[in-house]
Every structure is written in structure tokens, then in C-alpha cells.
Amino acid sequence: MTLWFDVLRAGTALNLALAASLSVVWLRNYRRYRSAYLLGFLAFGGFLLAQNAYALYLFALDPATSGWFAEIPPRYTFALAVLAVCELAALLALTWVTRQ
């Protein structure tokens with residue numbers, strides 16, 4: 001396994017945790033205010049949860065695909081890791097704004 005595959009898995013796990021945290025806040029606020037804006041954020045959070053849960057399953061839990069991802073050339077895992085880290089940065093910014 002490469003460093004980039006580890007970064008990819010860690011980034012995906014952190015994205016999953018942040019998406020879950022944000023979704024809880026948006027759900028609580030939606031129940032309180034019934035805003036279409038918050039419902040949109042909640043749908044966004046749900047799709048992010050699904051995407052990151054499935055990605056984490058593929059990268060870390062499923063023996064066939066996790067082994068396959070571990071064996072692909074490092075430039076491809078680097079590209080996937082960059083995408084996960086960019087998503088993490090976006091979710092961190094969104095978390096910071098939401099918590100204000």
C-alpha cells in the first residue's frame with residue numbers, strides 16, 4: 001500500500017464523519033425552522049453520506065476492491081487522494097460556517 005492510499009482512506013473517513021455531523025445540525029435546524037434551504041442542505045448531506053460511506057466500503061472494507069485499489073499505480077491513488085482532500089477542505093469550511 002502507498003501513502004496516498006492511506007491518505008485517501010483517512011480523508012474519506014473524515015469526510016464521512018463531517019458529513020454526518022453537518023447532517024445532524026441541518027436536520028435539527030430543519031425540524032425547528034422548516035426551511036426549504038435547510039432541506040436542500042439536508043439532501044446534500046445525505047448524498048455526501050451515501051457517497052463517502054460507499055467509497056469507504058470500497059477502499060477499506062471490501063476485500064476485492066480494497067486490494068485492487070492498493071495495487072494500482074501511485075499516480076492514480078494520488079489523484080483520488082487529492083479529490084478526497086479537496087472535499088475534506090470544502091466540508092471543513094462548511095462546518096466552520098455552520099458552527100458560527
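In table form, for the structure just shown:
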quantity	calculated
Inter-centroid distance (Cα atoms) of the stretch 73-100 relative to the stretch 14-51, Å	18 Å
3J(HN,Hα) from dihedral phi, the stretch 72-81, Karplus parametrisation 6.51/-1.76/1.60, rounded to Hz, x for glycine, proline	6, x, x, 5, 6, 5, 4, 4, 5, 5
Gaussian network model of the chain, Cα within-10 Å springs - most flexible of SER21, SER66, SER35	SER35
Nearest 10 degrees, 0 to 90: helix 3-33 Cα axis against the chain principal axis	10 degrees
Pairs of Cα atoms farther than 18 Å apart, the chain, %	50 percent
Difference of contour (0.36 nm per residue) and Cα-Cα distance, PHE78 to SER35	11.5 nm
Cβ-based exposure ranking for ARG28, ARG75, ARG9, in which fewest neighbours within 10 Å come first	ARG75, ARG28, ARG9
Folded to 0 to 90 degrees: helix 36-56 orientation relative to the chain principal axis, Cα	20 degrees
Estimated [θ] at 222 nm from DSSP helical runs (n ≥ 4, -39500 (n - 2.57)) normalised by residues in the chain, nearest 500	-30500 deg cm²/dmol
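Values in this text are rule-based calculations from the coordinates and carry no lab data. Keep in mind that this is a model prediction, so the values were computed, not measured. Here Cβ is always computed from backbone atoms with ideal geometry, including for glycine, and neighbour counts include all displayed protein chains.
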